[in-house]
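Read the structure below first, then the notes.
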Amino acid sequence: MGTMGVPQPSEINAAFADGFNRGDVDALLALYHPDAAVVEVDGTVSHGTDPIRDHLERLIAIGGTMTSTNLTTVVAGEIALVTAAWEIVGASVAPSINGRSAEVLRLGADGTWAYVIDQPA
């Protein structure tokens, strides 16, 4: 599968925005552990690679340009909690969508950090 994640937890939000802006589902998926969980808009939780790929494809489909700014990073051993402020401008559904995210990251065997829980809003 190649390298997952990012070298530092504080870099993952910018990496996510970059993948979104390039429309690269595989690059986004590589930021998630295979057993990760993503909170959907309706509050349900999707678990695992295939549901997360579906989630990311739906996200990319709305279009626009994303910015995501890391706000906080707390590391405890092999776990990190990050928060970010994100915005998508020019999406098909609205001129601007924005929110605050909270994500739990885990350090992988390859020395990079990837999402285990992604709560976008």
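Accessible surface calculations at 1.4 Å, restricted to protein heavy atoms, place the chain at 51 Å² per residue. Looking at the chain alone, DSSP beta bridges between its own residues are antiparallel in about 90 percent of cases. Less than 16 Å from a label point 7 Å out along the Cα-to-Cβ axis of Q8: which backbone N atoms in segment 107-121 qualify, by residue? Residues 112-114 fall inside that zone. About its Cα centre, the dipole of the chain is roughly 240 debye, where the only charges are +1 on Lys and Arg Cβ and -1 on Asp and Glu Cβ. Taking 0.36 nm per residue of separation and subtracting the Cα-Cα distance, full extension of the segment from R100 to V75 would add 7.1 nm. Mean residue ellipticity at 222 nm, helices only, the chain: -7000 deg cm²/dmol; runs of at least 4 DSSP H residues each add -39,500 (n - 2.57), and the sum is divided by the number of residues.
Note on R58 and D24: the model spin-label points, each 7 Å out from Cα along the C-beta direction, lie 2.5 nm apart. Stretching T65 away from D50 to a fully extended chain increases their span by 3.0 nm, per 0.36 nm per residue minus the current alpha-carbon distance. Positive contributions from Lys and Arg (+1) and negative ones from Asp and Glu (-1), summed over other residues with Cβ under 15 Å from the Cβ of E87, come out at 0. Rounded to the nearest 10 degrees, the angle from helix 12-22 to the longest Cα principal axis of the chain is 40 degrees.
The values are calculated or read from the model by the stated rules, or taken from the named source; none is laboratory data. These numbers were taken from a predicted model, which means no experiment stands behind them. Because the Cβ atoms are built from the backbone with ideal geometry, glycine has one as well, and the counts that use them run over all protein chains shown. Heavy atoms of the whole protein, side chains included, go into the accessibility calculation; ligands, DNA and RNA do not. Shrake-Rupley method; radii C 1.70, N 1.55, O 1.52, S 1.80 Å.
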